[in-house]
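The values are calculated or read from the model by the stated rules, or taken from the named source; none is laboratory data. Source: prediction; values computed, not measured. Every residue, glycine as well, gets a Cβ built from its backbone with ideal geometry; the counts of neighbours run over all protein chains shown.
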Amino acid sequence: MVQKLKKKSPKNGCHHVINYSEKNFSEEVEKIVGKNGIDVVYDGVGIKTFKGSIETLKIRGMMVAFGNASGYVDKIDVKKDINAKGLFFTRPSIAHYTIKREELVESAKKVFDAILSNKFKVVISKKYSLDDAAQAHIDLEARLLTGPAVIIP
């Protein structure tokens with residue numbers, strides 16, 4: 001008898017999670033999708049992951065650098081990093097998408113509609129009292145939080 005296994009549903013849209021500080025994430029990605037197998041990389045880390053993110057991309061892939069948790073990537077070697085694979089590079093900011101008040105309102109509406117319709121769930125990982133706001137910042141900087149945290153007045 002062959003038992004059909006249920007496909008595990010990805011939590012928060014992630015099929016694979018790789019901690020770049022514990023493993024060489026570009027090698028781990030290669031094990032999953034093959035060399036140069038990624039269409040788009042969304043990199044919120046910055047300097048510690050930039051080169052590896054570029055390595056994982058396919059020819060004509062897109063690098064979306066949206067954060068700099070480990071430091072800002074201030075120099076890009078266009079010939080080496082971009083031209084080698086004909087990559088697209090962008091550094092978007094929410095400010096670019098919410099210049100007009102109506103754009104901000106529409107963006108916020110989309111987020112709240114998605115939450116209300118259960119397209120995604122917001123799970124608060126930790127609550128702090130206002131008196132513990134300094135500790136919340138310490139925990140955030142120490143990378144102890146695994147999701148959204150709130151400070152309750």
Query raised in the report: Can Ala133 be described as over 16 Å from the mean Cα position of the chain (by Cα), farther than 27 Å from Val29 by Cβ, modelled with pLDDT of 95 or more and small (Gly, Ala, Ser)?
Result: yes
Report summary line: Being over 17 Å from the mean Cα position of the chain (by Cα), under 30 Å from Glu141 (Cα atoms) and modelled with pLDDT under 95 narrows Tyr42, Tyr97, Tyr72 down to just Tyr97
Query - Pair list, Cβ under 8 Å, 6 or more apart: the stretch 123-147 residue farther than 23 Å from Cys14 by Cβ, other residue modelled with pLDDT under 95 and loosely packed, with under 11 Cβ neighbours inside 10 Å - result: Leu130/Pro153
Report summary line: Per the filter on the stretch 108-125, residues at pLDDT below 95 and not hydrophobic (A, V, I, L, M, F, W, C) are Ser117, Asn118, Lys119, Lys121, Ser125
Query - Residue in the stretch 81-93 that is among the aliphatic types (A, V, I, L, M), farther than 30 Å from Leu57 by Cβ and modelled with pLDDT of 95 or more present - result: no
Requested in this report: Taking Ile54 as the residue in question, decide whether it is of a type outside the set (Ser, Thr, Tyr), within 17 Å of Lys23 (Cα to Cα) and buried (at least 19 other Cβ atoms within 10 Å of the Cβ).
Outcome: yes
